[in-house]
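The values are calculated or read from the model by the stated rules, or taken from the named source; none is laboratory data. Remember, it's a predicted structure, so these values are computed and weren't measured experimentally. Cβ placement follows ideal geometry from the backbone for every residue including glycine, while neighbour counts extend to all protein chains displayed. In case anyone asks, the SASA skips ligands and DNA or RNA and just uses the protein heavy atoms, side chains included. Shrake-Rupley method; radii C 1.70, N 1.55, O 1.52, S 1.80 Å.
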Amino acid sequence: MILVTGATGTVGREVVRQLVEAGRPVRALTRDPAAAAAVLGDGVEFVAGDLGRPETLPAAVAGADSVFLLSGGGPETPLHDANLGQAAAEAGVGHVVKLSIIGAEYEFTDLVSTWHLAGERALRQIGARPGGPAWTFLRPGEFTSNARLWAGPVKAKGTVFWSQVDTPVAVVDPRDVAAVAVTTLLEPGHQGQTYRFGGPEPLTVRERVAKLGAALGRELTVVDVPIAAARDAAAKSGRQPLVVETTLGNLTREEFQVHAVKVLPTFEKLVGRPPLTFDQWVADHIEIFR
Ligand SMILES: NC(=O)c1ccc[n+]([C@@H]2O[C@H](COP(=O)([O-])OP(=O)(O)OC[C@H]3O[C@@H](n4cnc5c(N)ncnc54)[C@H](OP(=O)(O)O)[C@@H]3O)[C@@H](O)[C@H]2O)c1
């Protein structure tokens, strides 16, 4: 039995789909099993649980051989990772595969990377105790699916408002993030490993928007939003301004630019096929932009 957390989200639902396709028994953790059943359908066991409520986790991990751990990337991430790691240790789970982030590889100072790195450290500590679960950390770069956030303005105004639009990043399809997770869960030999991986080609936001426009048959405009304006807009809309500021600020750093642009062999080595292209992601999601 494999427990999948974040099972109703972008990556997690793909992890569930690919595990079910591989014929593996899957238990999906969610805060709302009724809603999750509508998303994930048959062939999956559901368990109500919350990574922030440790008392809900023993039932989730009971009898599981391994866990896919997805915490939200917010300030609660280290605690949620530790809660799951502790429950897994107490239940004798053998292996936890945590979805982390590129910034954990290079100790970037943006808040999200900092939180993931703290989560990784908690899992290393728990794993080092007698009977603690082995860990694998997946450190992907930026997801292609962040382009979903462009859908509203593209539909309304044919415009994408974004920051750091000329920084090339080898964006990765979340279906490929799931494929790495499934490989490391099902194959032996990935315990104690960290994997940094990305997509097949570095693309700036301008280049990604041009590809989207070509697929839509429309010319789209890109507005390069200064980081301070993005931070202030986040604050006004109730999102965490420092997360936005430090994430975008990270994109301006030479170290990020050196690493994010790299096309790495890791994905193909692990999964045995080339990673999906941004064009493929656009083709498969074009309806949300119409
Ligand atoms: N976007 C990027 O470019 C990027 C790049 C690298 C890494 N990442 C990392 O990827 C992760 C986000 O993945 P995603 O986009 O697939 O997430 P998502 O679509 O936002 O889904 C979040 C999932 O987390 C679950 N969840 C939220 N709070 C929970 C809680 N307290 N207890 C248990 N489950 C909870 C939700 O399940 P229910 O609502 O069903 O409970 C949902 O399934 C973050 O850790 C982020 O840092 C993102």
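Given the structure, is residue 141 surrounded by fewer than 18 Cβ atoms within 10 Å (Cβ to Cβ), touching a strand residue (DSSP E or B) at 6+ places or on another chain (Cβ under 7 Å), touching a residue at least 40 places away in the same chain (Cβ under 8 Å) and not acidic (Asp, Glu)?
Values: surrounded by fewer than 18 Cβ atoms within 10 Å (Cβ to Cβ): no; touching a strand residue (DSSP E or B) at 6+ places or on another chain (Cβ under 7 Å): yes; touching a residue at least 40 places away in the same chain (Cβ under 8 Å): yes; not acidic (Asp, Glu): yes.
So residue 141 does not fit the description; no.
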| task | Quickly run through region 213-239 and pick out the residues that are free of Cβ contacts under 8 Å to residues at least 60 places away in the same chain and crowded, with 17+ Cβ neighbours inside 10 Å. | result | 213, 231, 234
| request: Of the numbered conditions (1) free of Cβ contacts under 8 Å to residues at least 60 places away in the same chain; (2) away from the ligand (no atom under 12 Å from the Cβ); (3) not hydroxyl-bearing (Ser, Thr, Tyr), residue 79 fails exactly one; give the number of that condition. | output: (2)
| Condition met for residue 264 (crowded, with 17+ Cβ neighbours inside 10 Å and either touching a helix residue (DSSP H, G or I) at 6+ places or on another chain (Cβ under 6 Å) or modelled with pLDDT of 95 or more (or both)) | yes
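For region 185-201, which positions are under 15 Å from the mean Cα position of the chain (by Cα) and either outside any strand (DSSP E or B) or within 16 Å of residue 211 (Cβ to Cβ) (or both)?
To start, the set of residues in region 185-201 that are under 15 Å from the mean Cα position of the chain (by Cα) comprises 194-199.
Selection gives 198, 199.
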| message | I'd like to check which helices (runs of 4 or more DSSP H) are fully inside region 1-63 and have at least 3 residues that are within 21 Å of residue 179 (Cα to Cα), touching a residue at least 60 places away in the same chain (Cβ under 8 Å) and within 10 Å of the ligand (Cβ to nearest atom). | response | 10-21
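If we scan region 119-129, do we find a residue that is within 13 Å of the ligand (Cβ to nearest atom) and touching a Ser or Thr at 6+ places or on another chain (Cβ under 9 Å)?
Checked against the condition, which is being within 13 Å of the ligand (Cβ to nearest atom) and touching a Ser or Thr at 6+ places or on another chain (Cβ under 9 Å), region 119-129 yields at least one hit.
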| Mind checking whether some residue in region 161-171 is assigned to a helix (DSSP H, G or I), touching a residue at least 60 places away in the same chain (Cβ under 8 Å) and not β-branched (Val, Ile, Thr)? | no
| task | Would you mind finding the one in 197, 267, 256 that is in contact (Cβ under 8 Å) with a residue 24 or more places away in the chain and either basic (Lys, Arg) or more than 23 Å from residue 22 (Cα to Cα) (or both)? | result | 256
| said: Can you go through 104, 118 and tell me which one is open to solvent by less than 10 Å² (accessible area, probe 1.4 Å) and either of a type outside the set (Phe, Trp, Tyr) or closer than 19 Å to residue 176 by Cα (or both)? | reply: 104
| said: I need a count of the residues in region 240-261 that are hydrophobic (A, V, I, L, M, F, W, C), open to solvent by less than 40 Å² (accessible area, probe 1.4 Å) and closer than 16 Å to residue 203 by Cα. | reply: 3
| Failed criterion for residue 135 (all others in (1) touching a Gly at 6+ places or on another chain (Cβ under 6 Å); (2) assigned to a strand (DSSP E or B); (3) within 9 Å of the ligand (Cβ to nearest atom) hold) | (3)
| request: Please go through region 91-108 and pick out each residue that is within 15 Å of the ligand (Cβ to nearest atom) and not charged (D, E, K, R). | output: 96, 97, 99, 100, 101, 102, 103, 104, 106, 108
